[in-house]
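Heads up, the thing below is written out as structure tokens.
The values are calculated or read from the model by the stated rules, or taken from the named source; none is laboratory data. Source: prediction; values computed, not measured. With ideal geometry, Cβ positions are generated from the backbone for all residues, glycine too; neighbour counts draw on all protein chains shown.
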Amino acid sequence: DGGAASSPSYWENGDSILLGRVPQERLLERAAWEFFSGMDGENQPHWSRDESWSRPIFYYFNMTGENHIVYNTGLRRYLMGNYSFIDAQGHPRPYHQAWPASARRSQLTLYEAPEPWGPWSLFYRDDDWGCLGDYQPNFPTKWMSADGKTLWMVSSGSYEDYNFTIQKLVLETSE
């Protein structure tokens, strides 16, 4: 086993994300949930109530956290922020509390997709997002401009410096 210091922690540095859906009024009913289980022969999403059939919608080996996906109405795209911890060579560093502060480094990656199941495309990467980064970057839809190009990223400080952090983003599109 090796203990917590030798294994990925549950909130960052996992491998993938699964997608589930449920009617809002039945959120607490486990039997009402369905899970994305891949694309069918006509390239349509397939859903299953059996979570063992679920398939990842996003995969980034040892670099995936508890990401949030939001729909940007102005751009008609889904957005996702991801943070993780890396070593000096940029390799995944799964358990951030177990290594010296002088060696800590985090990575921020931002993705977009046409559907919540992807395919996901990287549009921003920062390999030096501070020594601890910020937990779970997210984009509140109330803080997006009508055209979707100006938005605010919200995150919380991590480990030693919990705080409410907002950053303004102005996106440039190729269209």
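Identify, by number, the condition in (1) over 18 Å from the mean Cα position of the chain (by Cα); (2) modelled with pLDDT of 90 or more; (3) charged (D, E, K, R) that Arg77 doesn't meet.
(1)
Taking Glu25 as the residue in question, decide whether it is part of a loop (DSSP other than H, G, I, E, B) and of a type in the set (D, E, K, R). Before you say what the answer is, go through the steps one by one.
Values: part of a loop (DSSP other than H, G, I, E, B): no; of a type in the set (D, E, K, R): yes.
Against the criterion (part of a loop (DSSP other than H, G, I, E, B) and of a type in the set (D, E, K, R)), Glu25 does not qualify.
Could you check region 95-142 for strands (runs of 3 or more DSSP E) lying wholly inside it with 3 or more residues that are at pLDDT 70 or above and closer than 24 Å to Met39 by Cβ?
Because the criterion is at least 3 residues that are at pLDDT 70 or above and closer than 24 Å to Met39 by Cβ, the strands (runs of 3 or more DSSP E) in region 95-142 that meet it are 106-113, 121-126.
State all residues of region 35-51 that are out of contact with any Ser or Thr (no Cβ under 9 Å at 6 or more places or on another chain) and either over 27 Å from Gly81 (Cβ atoms) or polar (S, T, N, Q) (or both); if no residue qualifies, say none.
Selection gives Asp40, Gly41, Glu42, Asn43, Gln44, Arg49.
Scan region 38-57 and report the pairs whose first residue is free of Cβ contacts under 8 Å to residues at least 40 places away in the same chain and surrounded by 13 or more Cβ atoms within 10 Å (Cβ to Cβ) and whose second residue is assigned to a strand (DSSP E or B) and among the hydrophobic types (A, V, I, L, M, F, W, C), with Cβ atoms within less than 6 Å and a gap of 6+ or a chain change.
As it stands, the answer is Ser48/Phe35; Glu51/Phe35; Ser54/Phe35, since those pairs meet every condition given.
So which of Asp87, Asp147 is touching a Gly at 6+ places or on another chain (Cβ under 9 Å) and modelled with pLDDT of 75 or more?
Every option except Asp147 fails the conditions.
Given the conditions (1) surrounded by 14 or more Cβ atoms within 10 Å (Cβ to Cβ); (2) assigned to a loop (DSSP other than H, G, I, E, B); (3) free of Cβ contacts under 8 Å to residues at least 40 places away in the same chain, report the number of the one that Trp152 does not fulfil.
Of everything listed in (1) surrounded by 14 or more Cβ atoms within 10 Å (Cβ to Cβ); (2) assigned to a loop (DSSP other than H, G, I, E, B); (3) free of Cβ contacts under 8 Å to residues at least 40 places away in the same chain, Trp152 misses just condition (2).
Being hydroxyl-bearing (Ser, Thr, Tyr), surrounded by fewer than 21 Cβ atoms within 10 Å (Cβ to Cβ) and touching a Lys or Arg at 6+ places or on another chain (Cβ under 9 Å) is the filter here; which residues of region 58-92 pass it?
Tyr71
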